[in-house]
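Enquirer: This is the structure I have questions about; it appears just below.
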Amino acid sequence: ASQRSASLLGGEIVKSESATLVDLLSHADRRVRQQAQFELVRRKAQEELTTAARTVSHETLARHGVWGCWQLGLESAQQVQLVAPVMAEILSTSTASDELRIQAIRVVSDLVFRHGLKSFSENDRAALRDSVRSLTQSDNLRVAGFAAVACGALGGSEDVSPLLTLLNRIDNNDPVARHQASMGLLYLVQRHPGLLESLTTTSGAPARLGVLLALRRMG
């Protein structure tokens, strides 16, 4: 197996057909998987990467497909139009694993920060908002925390409520998820000035602390 990996990493990958590269996205050697992913990105193999990303029944393959789509999306705002529907599909697929959902959420948030909301179609933004809003209720606080960041990146003033609910549910027991929910609030207020100040008397001490942390970030 190590000899095969050495041969692939030594130059075979860049000479391989795209279909072979897709197969290599599930190779046992992470280095091979990554180089195959990067080669597909270099070729701008959108169809192959999105198909891999949608194969949620195969975790390793799907993750590399998602990461490849992420790379393509970061290249231009136009690519977001092709990547966003794939991420929305993953988030709404009940058989997708929590970790795959997290990776899709990270892609969406990063693309908003890179290219802005204008790069997303109204339909994609609405579908993604619905998904991440729902996922802030996940029992898995890692999922809920990343969803909170995306909720702030994608949402409007009405998305304050699920973030405050999440802060109260965390009850200061998970500092990472609390930070993510607070950052979600911060991203919302960047588009809705004065919003945080109106929340300082909200019910629940954990939610008020989350608001305070966001206010501190604002200086």
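Enquirer: Can you work out the accessible area per residue across the stretch 63-176, with the rest of the protein chains kept in place, probe 1.4 Å, in square angstrom?
Expert: 40
Enquirer: Then there is this: Can you tell me the relative contact order of the stretch 29-167? Whole percent, Cα pairs under 8 Å, sequence separation 6 or more.
Expert: The normalised contact order for the stretch 29-167 reaches 19 percent.
Enquirer: With an 8 Å Cα cut-off and a minimum separation of 6 or more residues, compute the relative contact order for the stretch 102-219 in percent.
Expert: 23
Enquirer: Also, quick follow-up: So what's the angle, to the nearest 10 degrees on a 0 to 90 scale, between helix 160-170 and the longest Cα principal axis of the chain?
Expert: It is inclined by approximately 90 degrees.
Enquirer: Also, quick follow-up: Considering only ASN173, GLN37, MET87, whose Cα is most displaced toward the positive end of the charge dipole of the chain, charges sitting on Cβ of Lys, Arg (+1) and Asp, Glu (-1)?
Expert: Towards the positive end, the residue furthest out is ASN173.
Enquirer: Which label belongs to the value computed from this structure, given these candidates for Cα extents along the principal axes in Å: (i) 54, 40, 37; (ii) 69, 39, 31; (iii) 63, 34, 33?
Expert: Of the listed options (i) 54, 40, 37; (ii) 69, 39, 31; (iii) 63, 34, 33, (iii) comes from this structure.
Enquirer: Related question: For the chain, build the charge dipole from Cβ charges (+1 Lys, Arg; -1 Asp, Glu) around the Cα centre, then report which of SER138, GLY156, GLN46 sits farthest towards its positive end.
Expert: The residue sitting farthest along the positive end of the dipole is GLY156.
Enquirer: Might you report the magnitude of the Cβ-based charge dipole of the stretch 81-161 about its Cα centre, with Lys and Arg at +1 and Asp and Glu at -1, to the nearest 20 debye?
Expert: 220
The values are calculated or read from the model by the stated rules, or taken from the named source; none is laboratory data. Fair warning: this is a prediction, and the values are worked out from it, not measured in the lab. Every residue, glycine among them, receives a Cβ derived from its backbone with ideal geometry; neighbour counts consider all protein chains shown. Accessible surface is based on the protein model in full, side chains and every heavy atom, while ligands, DNA and RNA are left aside. Shrake-Rupley method; radii C 1.70, N 1.55, O 1.52, S 1.80 Å.
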